[in-house]
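Single-structure report; data block below.
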Amino acid sequence: MKKILTIAALMLCGTVAFSQQTSFTGNVSSRAKAMRMMNFGREEYMIKDIKVYTDTMTVYSLSNQVIYPLGEWESMEQYITDNQLHWYRESDYRKFFDSMEVSVNRMKRLDDSYLDMFYSIWTRKVEVLGGRINDPEVVLSNGIRVGMLKDDVLKVFFKKYPKSYTADVQVLKVISGAGEVAEIYTFKGQKLRHIKIETAYKYY
């Protein structure tokens with residue numbers, strides 16, 4: 001009887017130890033995968049860090065493309081003319097740094113896609129404050145559009161990668177180096193469902 005109890009106790013300890021080791025290895029594995037993915041990053045995106053949490057991969061990039069997801073334009077008219085898409089425009093004023101107001105244009109499509117944009121007197125470029133893109137006709141400057149396959153979206157940022165590393169990824173966040181702009185790609189199954197653009201510029 002003592003021998004049976006001893007064996008049972010040893011088996012229990014072994015199971016607990018294995019469970020702890022698996023949990024520890026799983027955590028390390030997630031970070032190790034993220035670090036390895038950095039080696040596959042495309043040079044033009046200058047990827048400085050990657051984090052993976054459950055179904056979300058966050059990529060920190062120093063690329064100018066992240067700050068200007070629609071490209072660099074001197075006016076909204078130039079952007080509209082070049083892309084030849086019909087937008088409905090609404091204008092209002094928003095406070096900037098508590099002391100001045102800036103004219104912001106909300107450009108909308110019939111499917112509820114929208115872009116909030118303004119012309120900056122400092123950069124002399126059109127800046128994007130935020131937006132949501134559901135329309136496959138709207139293409140980002142990196143060539144990504146709604147409806148693309150997840151693998152094709154990931155190939156924009158990575159030269160290659162083990163498919164098992166991204167199998168569970170349903171949200172890809174690409175964030176600028178200073179954290180002021182984020183492109184958020186949300187997938188449904190293997191296709192890109194919508195794109196969000198979020199910024200941390202001081203507007204309210």
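The values are calculated or read from the model by the stated rules, or taken from the named source; none is laboratory data. Values in this document were obtained by computation on a predicted structure and should not be read as measured data. Cβ coordinates were reconstructed from backbone atoms using ideal geometry, including for glycine residues, and neighbour counts include every protein chain displayed. SASA here: full protein model, heavy atoms, side chains in, ligands and nucleic acids out. Shrake-Rupley method; radii C 1.70, N 1.55, O 1.52, S 1.80 Å.
Were the residues from Lys155 through Asp55 laid out at 0.36 nm apart, the gain over their Cα-Cα distance would be 34.2 nm.
Using the Cβ of Arg31 as centre and a radius below 14 Å, the other residues enclosed give a net charge of +2, where K and R count +1 and D and E count -1.
Distance between the C-alpha centres of the stretch 38-117 and the stretch 137-204: 12 Å, rounded to the whole angstrom. For the stretch 24-167, with all protein chains in place and a probe radius of 1.4 Å, 51% of the accessible heavy-atom surface sits on carbon or sulfur.
3J(HN,Hα) along the stretch 138-154, derived from phi through the Karplus expression 6.51 cos²θ - 1.76 cosθ + 1.60 where θ = phi - 60°, amounts to 8, 10, 6, 5, 8, x, 7, 9, 4, x, 5, 5, 4, 4, 5, 5, 5 Hz, with x in place of Gly and Pro.
Fully extending the segment from Glu137 to Glu198 would add 20.0 nm, taking 0.36 nm per residue of separation and subtracting the current Cα-Cα distance. For the stretch 110-180, chymotrypsin sites (Phe, Trp or Tyr not before Pro) are listed when DSSP marks them as loop and at most 12 other Cβ atoms sit within 10 Å of their Cβ; the list is Trp122.
Within the shell of other residues whose beta carbon sits under 12 angstrom from the beta carbon of Lys159, the net charge comes to +1, with Lys and Arg scored +1 and Asp and Glu -1.
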